[in-house]
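First the structure, in the form of structure tokens, and then the observations on it.
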Amino acid sequence: MLKYLIYDTETTGLNIVTDKPFLFQYGLVDEDLNLLDVKVFKAKDKKNKQKFIDYIKKVDTIVGHNIKFDIHMAINSGIDISFFKDKNYIDTAVLARLVISHDQQRDSSFSIALKKLAVRYLGKDTAQEEHLLKAELSQLTLEHKANMKQYFIDKGVWDLSLSGRAETKVINEVYNNWNKVFHKYIHLKQARLDFLKLNPAPNYSDCSNVWTYAETDIYLTHGLFKLWYHDVVKLQQVPTLIRISKATIPYVLMERKGMSVNLNKLIQDRNMIIKEMSKTKIIDPRNGFEYSIGQHAKLKELYEYETGMLLKSADKQTRKEIESKSPSARKANYIAKMEKYLSSYITRILNKLSIIDNEYKVFTQYNFAGTVTGRLSSDFQQFPKEPLELANGYVVNIRDWFVVPKGNKYMFYFDYSQMELRLQCEWTNIVSGSPDLNMARAFSPYKCHCYDSNGNKVPYQGEPNKYFKTRDWYLDEDPAIKWQPTDLHALTTKNAFPGVSEMDPDWGHYRQLGKRANFACNYGAAAPKIADALNVDFPTAQALVDGYKKAFKGVVDFSKWLYKHTRTTPSTPNLLLRRYYSRNKHLLQNWLVQGSGADILLEKTTEVYEYIKDKPWWNLMISVHDELGLTCDGIPKAQLDKEVKAIQNIMVYQLSAVDVTVDVEATETSWANKVDY
DNA sequence: AGCGAGCCGTAC
DNA sequence: GACGTACGGCTCGCTG
């Protein structure tokens, strides 16, 4: 009897809102996980599409490899999203993350891609099939490119004096990388648009063997499902599979909301950067060659020539150190950042840009199976926070480009305050029965007391919503001392440099070292790396590590506990019971913290979704590891305050010693202008 | 032209 | 044994 529906689509592209499926494939699976039937049909085949929808209605569990993408495609094909709500989702990519040993997952050859998993775990190599499909598309694309060039020639806009490599370079840039180079080829702009309108770029729907290919994917997905589904129970990963299943539709909706772009501002900034970049060139004085910023090997050699030093890298830290001796390094420092903005951010946003209802939007996907810890991965997580200042004083801030969507009034950002530090504190409590005192007291008056209005002594028992901030607290072990949040960085600093006090004129410098050492040590760094990263000698690095260990004895105990634990136990669960099958103590110490944070955010996102689902004036918009962004329409202030507070309260995660609390920021204009709410 | 390794720079 | 998790762009060398 039918119990599970596996489905997949073949599509015209990867944009989750503007691309459409041209093929649907599905497999019917019974309660014993046997494949009953496989079907492939064209998206425009209405009769078969209705049959497919009927199957969706019948089952309560849908299976797929990166199933979120295929839900988007079904919606884009006109299937109502309501058919997908209240279903269970089993993503075979997620299954892979849950059941395969986490040490294996870290292997550099490990890949979550369907075909790669099939080779490795099903012994089915479909590389030839994939190769044929790609080869066919490549051939079509080559023809399309040649046709574009011919069109330019026919229209009289092509520079006929070009030949050989120069000619190839132009057509390649125009065809493959238009959004990066269009300022160089303004004379081709209109002809290119006209050509693309008459001759859309080929896609997989134009390839002949795509039907076989499509069918194969169902067999492979079924193979992985059958291989791994029962392991989820055996390996105690059920809570995590359920958590991800429940988050599926909230994330589909978040992804479809997208982000709105102020294109005028982006183009204005782009123009300023290009103008500035054209002023500076790196020329090798020995041969007159111009180097691009990506030619690290050649640049390193040039820096060595100019400084007379042996360098280990051509990266920005190295360049900074030799700036005074090497004119080229100085130029590179300036160009590198502009190049990064142009290549990695501006061009990428332009490539992703869609026009939806007269609004410029970009969409991203969140990969539920992208990481070994359970964090989500996405291509929108690494946009720089710090603005870029050009030599003429012009400031480029990427966050200026992302604005409140049309029809909405606000963007809200709910972010967890020092989440991973608080989670690490929780782990010290779990393994020792009491939290690291210094860490706990950085966040709350742990083991402190206050007095009520009658003068009665009241112990601190954990008070949500920062209630404790309205009172004075005194340390239990010494009531004469008033509690103040521990300055964790100062603590490490003073331990590492006993002679240095806050009165010291260089205190700021030393505290900076203590702060950076704290971060590094939390990630598991030891003295050699600290010496390297902080650019201090080995004894100083060792002193900082010792200072950290003295400051946070609970963390040292956590480390020792984990060492013993991994010697005796094959797996360890994080706070939300996602299990990591590894005996690597060093990695686990980080995974338990990072992965707990990830699962908390995932679960809380679903809870926030449940809260806003009958309040259409709220929409999920973005999620980045420890923060959740939402848009909201213009609703009455009192109601807004109440609902913001409610979301904040939903998100707070209660731990035993300290809670993971939530800060709220908002803007009515752009991301760059958000302020505390 | 396609692919993968290696380097680099960004986020949390 | 020795700083965690990611993503994307670029260059370069290899392959066909």
The range A:182-318: relative contact order as a whole-number percent, Cα under 8 Å and 6+ apart:
7 percent
In order over the range A:380-389: 3J(HN,Hα) from phi, Karplus 6.51/-1.76/1.60, θ = phi - 60°, whole Hz, x for each Gly or Pro, gives 10, 9, 10, 6, x, 7, 7, x, 9, 9
Based on the mean of other Cβ atoms within 10 Å per residue, sort peptides A:209-218, A:559-568 so the most packed one is first.
A:209-218, A:559-568
Karplus (6.51, -1.76, 1.60) ³J(HN,Hα), θ = phi - 60°, over the range A:113-118, in Hz, Gly and Pro reported as x:
5, 3, 5, 5, 5, 5
I'd like the GluC sites (Glu not before Pro) in the range A:394-479 restricted to DSSP loop residues with at most 14 other Cβ atoms within 10 Å, sorted by number.
A:Glu477
Cα-centre dipole for chain A with unit charges at Cβ (Lys and Arg positive, Asp and Glu negative), debye to 20:
680 debye
With +1 on the Cβ of every Lys and Arg and -1 on the Cβ of every Asp and Glu, the dipole magnitude of the range A:513-619 about its Cα centre, in debye rounded to the nearest 20, is 380 debye
The relative contact order of chain A, taking Cα pairs under 8 Å that sit 6 or more residues apart, comes to a percentage of 14 percent
The ³J(HN,Hα) series, computed from each phi in the range A:334-344 with the Karplus coefficients 6.51, -1.76 and 1.60 at θ = phi - 60°, rounded to the nearest Hz and given as x for glycine or proline, is 7, 5, 4, 5, 5, 4, 4, 4, 5, 6, 8
Which log10 I(q)/I(0) values, to two decimals, does the range A:301-412 give at q = 0.09, 0.14, 0.18, 0.23 Å⁻¹ under the Debye formula with one point per Cα?
-0.41, -0.81, -1.04, -1.26
Choose one of A:Ser278, A:Thr248, A:Gly288: the residue whose Cα lies farthest towards the positive end of the charge dipole of the range A:179-290 (beta-carbon charges +1 Lys, Arg; -1 Asp, Glu; about the Cα centre).
A:Ser278
Within the range A:58-137, report the trypsin sites (Lys or Arg not before Pro) that DSSP leaves as loop and that have at most 12 other Cβ atoms within 10 Å.
A:Lys85, A:Arg106
Going toward the positive end of the dipole of chain A, with +1 on Lys and Arg Cβ and -1 on Asp and Glu Cβ, which of A:Tyr460, A:Ile90, A:Thr566 do you reach last?
A:Ile90
Tell me, rounded to the nearest percent, the portion of alpha carbon pairs in the range A:391-497 spaced more than 16 Å apart.
72 percent
Which of the chymotrypsin sites (Phe, Trp or Tyr not before Pro) across the range A:418-509 are loop residues per DSSP, with 14 or fewer other Cβ within 10 Å?
none
Once the cut-off is 17 Å, how many percent of the Cα-Cα pairs in the range A:100-224 end up in the long-distance tail?
68 percent
Which of A:Lys515/A:Lys560; A:Lys180/A:Lys406; A:Lys320/A:Lys352; A:Lys409/A:Lys613; A:Lys58/A:Lys115; A:Lys49/A:Lys85 have a Cα-Cα distance over 25 Å?
A:Lys180/A:Lys406; A:Lys320/A:Lys352; A:Lys58/A:Lys115
With charges set only on the Cβ (+1 for Lys and Arg, -1 for Asp and Glu), what does the dipole of the range A:166-222 come to about its Cα centre, in debye to the nearest 20?
460 debye
Based on other C-beta atoms within 10 Å, arrange A:Trp178, A:Trp228 from fewest to most.
A:Trp178, A:Trp228
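Every number here is computed from the coordinates shown, using simple stated rules; none is lab data. In this text, all values refer to a predicted model and were calculated from it rather than measured experimentally. We place every Cβ from the backbone using ideal geometry, glycine too, and count neighbours over all the protein chains shown.
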